[in-house]
Structures are given as C-alpha cells and as structure tokens.
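The values are calculated or read from the model by the stated rules, or taken from the named source; none is laboratory data. As the structure is a prediction and not an experimental result, all values here were calculated from the model. Cβ atoms come from the backbone with ideal geometry, glycine included; neighbour counts cover every protein chain shown.
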Amino acid sequence: MTLREFYEKIGVDPTNVLQRFGGSEAMLGKFVKKFLADGTFVQLTEAMEKKDWENVFRAAHTLKGLSGNFDFLKVYDLSAKIVERYRANDFDAIPPLFDELKARYDETVKYLTEFCSEN
Amino acid sequence: MKKNDKKRKQTILIVDDSEINRSLLADMLGSDFTILEAEDGTQAVAIMQQEGSGLDLVLLDIVMPKMDGFEVLAVMNRNGWIKDIPVIMISSETASSCIERAYEFGVTDFINRPFDVWIVRRRVMNTLMLSGKHKKLVGMVTDQIFEREKMSNLMITILSHIVEFRNGESGMHVLHIRTISELLLKSLVSKTDKYNLTPSDISLISTASALHDIGKIGIPDHILNKPGKFTPEEYEIMKTHSEIGASMLNDLDFIKDEKLVKYAHEICRHHHERYDGNGYPDKLKGEEIPISAQVVSLADVYDALTSTRVYKPPFKHEKALEMIMNGECGQFNPLLLECINDVKDKLVAELQVSSPGKIAFGDMRKVTDEMLQKDELSTSARTLTLLETERIKTRFFAELSHEIQFEYVSEPPMLMISDFGERKLGLDEITMNPLDDEKVKKTFSEKTLKAFADIIRKTTPENYTFNMEMPMPLGGEQRWTRVSGRALFSGEPLVRTGFIGKIIDISSEKAVINELRHKATHDPLTLLYNNATAKELITRRLIENPKRDYVMLYLDLDYFKTINDTYGHNFGNDVLRHISDKLRAALRKDDIIARVGGDEFIAFFECHKTQDATIKRIFDSLIEPFRNLPLSVSIGAAQTTDGARDYESLYNNADRAMYEAKRGGKQGVRYYDATVTEEFPTVTVIDEPNKSENAALSFLSMKELTAFLRETRKVHNCVHVFDATAMTKFAADKNGELGKTDENCEFFGAGRDSVTERALMTKGRVCDMAFRGGDIYQSTALYVECGGKPYVLEVVEPLNTEVLSGVCDTPEIIAMIDRRGGKQYMDVSANAYNNNYYEEQLKNRTDFYNVAAIRLDVDKENSEQRISEAADTIYSCVRGIDALVRRKENEFLLVMKNVGEERFDDVIKTTEAALKKTGAKVRVGSCRALGKLEILVEKAEKNIGKKR
C-alpha cells in the first residue's frame, strides 16, 4: 500500500497535506507512522472511562492537532467536536462523539498499520 | 556582539506535549538549528532558566498539562525573558481573544496547525532575523555606552592628576581639544570611509586627545612656563614632550593593548607631525601620520591660536582659521581643512559649552545614564551573555572542587542542581515543585527538609546567608554534608525569591570531629557516656520534657576492689565492660547510661509501668556470674515523681538509695523514699589524694586482716573494726583478734556523721577529732575490704600528745578546720591555736577549769621569732593534751584539764621560770574554777602579775 492508497482508504485527498510537508512523501510517510505509536488516544479512552472531562478535553485537543497535521479529517472533525462540546460544558454530548471517534480512529489505525507493514 | 555569531547554530526550544508535534516541527526546521524540546510548561521554564540568552527562539504550544502556554508567558514576563527571547505560539486556536492575549504577553508570531513546512520555516527565520537585528542593535548601543563610560572615567582620573599638577591653562585646553577632535572626526567620516572609523573609534580618539601633551610632565618647569620666546636649545627640549608622552604610555605594560592607549600613543608621538613632513619627531608625511594624530594636531593648533598663552593674546576664531588655512601653522591634510571649514560655526558654539561646569563629559554621562535606565537595556543581550559565561565558569569550577551547586527559585518553584550534583544525588538537574517531588522526598528525609526550610525562612535581607550540616545520600551512600548558601531577595519591598548555594561532602571531616566528640563524651573503657556528658544529656532531657517522668539508677559494683586486686586490672576492666554490655542490652537506645566512677554507673530512662520489672531484669542480668565469678551489685533508684526534677537531686537521691541498699546487706535494689530523705552530713574527705595509696588495703581473708591488726595494735592502743555488711563493730586485741567492743569507743561507732560512716561512703580515710567525756580524741577511720566485703578500721588515739598541737596531720587538720569554719585555727609562728579557735571553739566550753594567761614583753624586733621560742619553751613544760592558744599579739592562754591544783601551780611556776631563763620578760596570771572558759580567762588576765 502506498501513502496515496492509504489516504484513499480513509477517504482523504492527500494533495493538501503533501503540500504542507513540502511535497515530500518521504517526510509525510515518516511522521504518519509515528501516529501509530502516539498514546494520546489511549489517554483519551482512559479519561473517558473516568469521565475526567478536563483530561478528555486535553487529549482530544492534542488528537485534534495531530490528526489535523496529517489531514486525518474524520478523526480531526470528531476530536474538534469533543473539544467544542467541552468548552460549551456540554459533557453529555461527548460519549456518543467519542464512540464515533473510536470507530474512525480504529479504521485509520487499521489502514495505517497495513501501510506501515508494507513500507 | 560576538564575531562568531554566524558560526553558532541558533537554538530553538520547542514546547509541546505531543512528541509527534515536536519531532514534526524539529524535522521541518531542519538541521540548521539546535533543537531543545520540552514536554510541558514547567520543563520549558526550567530550560529557559538554565539557558538564558542561549535560547534564540521558543515555539510554544498553548494547551499542555502541568503548566500551559499562557502560564509560561506569564513567567517569561515576570522574569523579563520575553524581551530577549522571541516566542512563536503554535496553535490551532483561531479565537481572536486568544491571539490578542498572546500578543499582549509579548509573543512575536503565530503558527497555526496543521503545520506547513514552508510557513513554519519562514516564520521562524523571520522572527530570528528580526530578533537578531534587535539584539545586535541593543548590543551596539550598549557597547558604545559602555566603552565611553569606562574610558572617560579612566581619562578623567588620569588627567585630573597630570593637568592639575603642572599646567594651569591646560585644564580648558584638554576639554577644547576633545570637543574639536570629535567635531572634526564626525565631519571626516561623513566625507570618507577610507579611515575606517567607527563611532566607537571617534569616541576613543576624542577621549585620547586629552592626553596629547602629557609628555610635558617631563619638561623642566622653567622652560614649560617660560613667559617669553624659547631659545633654540629650549625649543629642542620642549619638542621632546611628544616622545616623552609616547614612551610614558608605552610603559603602561598592562594596558598598552587597550585601544584607547594605542590611540593616545599615536596622538602623543605624532601630534606635532605635519602633512608635508616638516613636523617632529619622526618627520612623517601625509597619510603616514595616523589619522588620530592628524585630527588632534589640527585641533591643538586651533585651540592654541584662539586661547590666551603666556606669550600671546588669543586670536579671533576667523583669524585663527585663516592662519590655519594659509599654512601659517604648518601643513594639514586638505580633507581635514575641509572638515574644519565645514564645522566652523559649530566650533564656536560647542567651545563655549565645553567649559567647566558645563562639561561635555557630564552631558554624555547624563545621556548614558538615561539610556541605561531604560528597561530595554536592563537585561540586554550583552548582560545575559556575560551571565551565561559566568555560569559556565562556575559550573566548571564546581565540578573540579566536587561541590554540588544548587539554585532554587520560588516563582515557579524550581530546584536546579549542577551536573555533578545530578549524578551524585540522583536527582534531576531540574525539579519543578521540589517539595512535592517524589524523588526529592525519597532523597531527603522529611525532617531534613523541614530543618532546611526553617533555616531558609530565618534568612532576611540583612542576614541572608545560611549554613547547616545534614546527612545526604551521595552516590548512594549516606554522607554528612555542609550546605551553605544565601537567600536571594528582590523587589520593593524585598521578598525572598529563592536561594543559591553549594553542598560539600564533609563526612571525613565530620568523622574526625565525631571521633573527637565521642572521645570527649565517652568513657574510653566501657564506651558509655562519661559523667559530665550524662549530666548534660539528662539535664537537657529533663528540661525538654517537663511533663515526663524519669527514673535514675545508681549502680555500684560490690567488692570491685577485691576483684581488681585478686584477678588483676585487666580482669577488672573486663568486668566493667561486661557490666556496661549488660546495661546496654537491658535498656533502650535512647536511655542514658554512663560510667560515673570506677565501678559506679548510672542509668536514666523514662518511667513506665513495667519499670520495676526492667530494674529487676537489669539487676538479675548484672549478678549473673562473669567467667564463673559471682558478681554483686547495689542499685539505688530515684524517680522524678519524688519531686526531684534536676540532675543533682536525682543523682543524690539515687546515690543515697544505693548506700541504703549497701547497708541493707549489699546486692539489692533500693528505691529512694522518705526513709532515706534525711540529709547526710557533709562529708569531709580529708585525704582524698591518698585514696589510691590506701586502696592497697584490701585483705583476702580474715587471717590477713588479723595479722594487719596485730601490727597496728603495736602502735595504736585502740583499734576497732566495723563490719559494714553485718553492721557490727569489734575491737581488736593485742593479737589482732576481734572481740566485742568496749563502751569507751562507742561514740565513734556507726552514727551517721561518724568517721566510720564517712570512710565507708568515700571508700577512703577520714580523720576527725572529738571532745568527749572531758577528753580529746583523734580518730582515724580507714576503709578496707576483706574477702571482697567492706570493713572500716578505726584507730582512736586518746590523749595523743600531738592532737592539740596539731603537729600530727597538720595540713589535714588545718584543711578540715578551714572547711568547717572557713577560718584558720592555727597560729603558724607559735605553732599554737589562734584567737579564732578560742572565740569559736573554746570560750564557751565549761570542761576546762585551769587557765593561765601568759603575757610576754617582747621587743618589736624579731618579735615573731621570740614568740615562737616562747611557745616552744611552754610546750616543753606542759603535757601534750594541754592546749596553748596565742590569744593576742604577745599573750598565750594555757588551758589544762584533768589536773590537780598543786600540779597546775607547779606547771605555771616551771613555765614562768623556763621562760625567764630564756631571757624573756614574762608575767603570768591564772585562774582555777568551774564555769565558762571565757570567764576563767577574763579572771586569769586580771590576775596577771598578781601573786596567787
């Protein structure tokens, strides 16, 4: 699986992100791989279990930044929504958003793992 | 600014809690920078604290754990770092309030997520460039001000010396030269850059110009201040001033490399050179002459022309210029002539200003001060760089000297330790909130931290240093360290903002001190405390714990002397060590155990419910046989509950209880109580120094004792033996055999204040005398041991001829009497009792009824000698028990008892005759009656010279 194929799988056109990475597929590829090792989502899950909204916010915020960097747009949108809900003190809205986010995140990770195993 | 700036990679600190973000940014920036990373705000602040101006840029995330981006900015503002370290915020925030707030905090720019390589690089580069320029400008301004300030101070000092010394007129001259030179130089650089003059050079040359004539110091006074024209010879001498000045400066070895001094040298030597080569001393031509000297020589000429000189009036400004332009004062660089022409208007104006009271130096200084006060310069890059260098230096030296350095700032709470300390202590180089930090808590005990905090809290802006010793784990080993440092204060009013200091390992030093202290406080044999230390410790414990109750045991090993004598001192020492081991084992670590005497110990511990059991246990453990030798110990116990709350009382009570225990047959425990509360008499230990001598008196068996008694009986009539164990007294017969005591000697028995009792307590020899039944006795009691048991030998001397005269044991008796009445009872030259004795001991007595008053008529010359001889004569006529008192200067009383009237008269007659025979003039009065001695004496004195 190439980097482009990976992006296709998650439904994103990689043109923009590549441009931001100075057109370097190598560089983007290198950092995309790091996403797998990142513990932010684990932190988010833990915070969700404890309903520790402050840390939910912090992790979601970080995840938003990370996924934004790589144009993992679905993950980005959902983590952005969680951040937004937190700021609106609308904590009840967060769990369903998280469930959806988890599905998107798992999907991204799944393809990303495939991509990594081949590159 | 440093010239190697370009070589140095710029350092960028990336602060972001996401590792991916940090490495992304680092990658995007490429290898042109040194990248430092921080995971959160606290780490970021710590790095800033450490790196100072070493940081060129900070990329700062906003949302982070522990300390967020805004808090970091707040710290940077408080510490003034924001002025020197540009910050770019990284954020996906687009809320304008957030951006506004960040700008208010002084951030330079924003980078938005998602990151774009090109934008990140561009923004970073722009920011660095701007800040670099800013730093450079600040540096330049600071450098210049610094240079001027430093140099003009130096100059003013030098000049004020030279100028005031010699040449009155030059005072103004140097100021003018300076002003003119500066004007000329400024004009010159605006026309050409071929001389490469920086503003700093201009300042230096102008300043150095003041030194152009310093060589005149070497010109003789009569030439220098000559009113008329110089002779050719004088002129030649005068001309040497330029060389003299130059060599003076050349001789300034340590500063001759200073740029200022180099310029001054050029100026001194060459300010009389002329452009056409017609000057002196080196006849340099054109541009061979240093530009500094060219400028100053022109200024010199102009000022000389326009000023009054001893040999001429001043020329007007226009006239002077005309003369210069016409070459009347030698040829000058045409470019400089152009310059002077350009500035001619300014020249007049400025020279009016450069007069005393309105000195250009002063103005410059004011400007500098103003600039220095502006906060932009307060922590200029230059200062920070200097600080950084200092920091590197001190770290290096600290490492060399094996010191751990530390620094603590309270805002935010952060502890920094040097690299060396980091390794030694196992702490991180930087610890945020050290008081809550697990590692710190693990390294230092709570007690240590508290003690340290207390010490810090005691510091004030006046007393800011601190010193303490504390244990610390260094390199995994508990060591003693000395921590010294100072607290830092700042602000108005002053508040403590942190502290700095160092930690030195003093374990070896401490070990020596501890050893010495241990030696001083412990008994070397048993390693228990010594008496003095026990007293100190117990006293302190009683004071510090006023509500707790304690018990003190006084332990005395019975028959120790015998053990020593029988088995040798080494064995005796082993016994003492054994006893102390037993005591240590029976008591807790905090209890105080001491060896207070040869075989005496005290133990001190808090009262508790089972203390009787404890004491019993101690007792039982102590009487266990040691190497098959049965031991015996007497223990006295005293408690604070008895009302004795100080060391002395407890000690005395326990001591007394111990004697009660001994009296009770030894080997026992006795609590102090009402039955032992009676005061013991003051013990008169007369011959303590001889104790060791008497210590030899110990007998293995009754047989040995009997043999000794037989010998004693040969010398002394009345010898008794008191068996302290059985509380029984025996008299020794001629063969030394002990039989029942006779009544006569009973009063020396076992009464509390008897010599026997006192000898028993002091384990020594006690000597006393007594008047009993109309007779005088001296009794000596001697403590001995027989078969390990205590006995007292009593030797009673009735009618001892030497008792009253005090010949026997004189020093002892005098000492004893001294202690009793505080007065001397003996008259030394007459070897008789003195009037003190009469007044205090004799005059109220009723048991003497024969008194003779003997009055001598003695020449003043040798009177004491005569008295002494008379006393000897009297002694030769009387019995040993008769008392002779020197009552007055030349009067004796002879007091006799147990003597018949006839015998008494006989003695008086004989004495009088004997005295007269020696040539003494003597009169005697006597009285024989019943009644108070005082009255008898009165009568006897009245009877002096009367016939009986």
Inset, instruction - Could you please give the count of residues in the stretch A:27-58 that are crowded, with 19+ Cβ neighbours inside 10 Å, within 15 Å of A:D106 (Cβ to Cβ), facing chain B (nearest Cβ under 8 Å) and not polar (S, T, N, Q)? - result: 1
Inset, instruction - For the stretch B:90-108, enumerate the residues that are away from chain A (no Cβ under 14 Å) and surrounded by fewer than 19 Cβ atoms within 10 Å (Cβ to Cβ). - result: B:S96, B:I99, B:E100, B:R101, B:Y103, B:E104, B:F105, B:G106
Inset, instruction - Name, by its number, the condition in (1) closer than 20 Å to B:R113 by Cα; (2) more than 11 Å from chain B (Cβ to nearest Cβ); (3) surrounded by 15 or more Cβ atoms within 10 Å (Cβ to Cβ) that does not hold for A:H61. - result: (2)
Legend entry - Residues that are under 26 Å from B:T566 (Cα atoms) and surrounded by 15 or more Cβ atoms within 10 Å (Cβ to Cβ), drawn from the stretch B:630-653: B:L631, B:S632, B:V633, B:S634, B:I635
Legend entry - Scope the stretch B:452-510; condition charged (D, E, K, R) and closer than 15 Å to B:S410 by Cα; matching residues: B:R457, B:R486, B:R496
Legend entry - Filter result (buried (at least 19 other Cβ atoms within 10 Å of the Cβ) and over 12 Å from B:D276 (Cβ atoms)) within the stretch B:328-342: B:L336, B:C339, B:I340
Inset, instruction - With the checklist (1) within 13 Å of chain B (Cβ to nearest Cβ); (2) in contact (Cβ under 8 Å) with a residue 12 or more places away in the chain; (3) more than 20 Å from B:D17 (Cα to Cα) in hand, flag the one item A:G11 doesn't pass. - result: (1)
Inset, instruction - State whether the residues of the stretch B:827-850 include one that is under 19 Å from B:L930 (Cα atoms), part of a strand (DSSP E or B) and modelled with pLDDT of 80 or more. - result: yes
Legend entry - Selection within the stretch B:181-202 - outside any helix (DSSP H, G or I) and surrounded by fewer than 15 Cβ atoms within 10 Å (Cβ to Cβ): B:T192, B:D193, B:K194, B:N196, B:T198
Inset, instruction - Name the residue, out of B:I579, B:I543, B:I503, that is surrounded by 20 or more Cβ atoms within 10 Å (Cβ to Cβ) and outside the structural domain of B:N433 (by TED's automatic domain parsing). - result: B:I579
Legend entry - Filtered residues of the stretch B:402-449 (kept if part of a strand (DSSP E or B) and of a type in the set (D, E)): B:E407
Inset, instruction - Return yes or no: is B:D436 modelled with pLDDT of 85 or more and out of contact with any His (no Cβ under 9 Å at 6 or more places or on another chain)? - result: no
Legend entry - Of the criteria (1) at pLDDT 85 or above; (2) under 30 Å from B:A534 (Cα atoms), which one B:F499 fails: (2)
Inset, instruction - Go through the stretch B:4-89 and tell me which strands (runs of 3 or more DSSP E), entirely inside it, have 2 or more residues that are under 19 Å from B:I119 (Cα atoms) and within 14 Å of chain A (Cβ to nearest Cβ). - result: B:10-15, B:57-61
Inset, instruction - Hey, could you check the stretch B:559-598 for residues that are in contact with a helix residue (DSSP H, G or I) (Cβ under 6 Å, 6 or more places away or on another chain) and among the small types (G, A, S) and say which is nearest to B:L622 (Cα to Cα)? - result: B:A586
Legend entry - Within the stretch A:1-57, helices (runs of 4 or more DSSP H) holding 1 or more residues that are under 30 Å from B:M67 (Cβ atoms): A:15-20, A:25-37, A:40-50
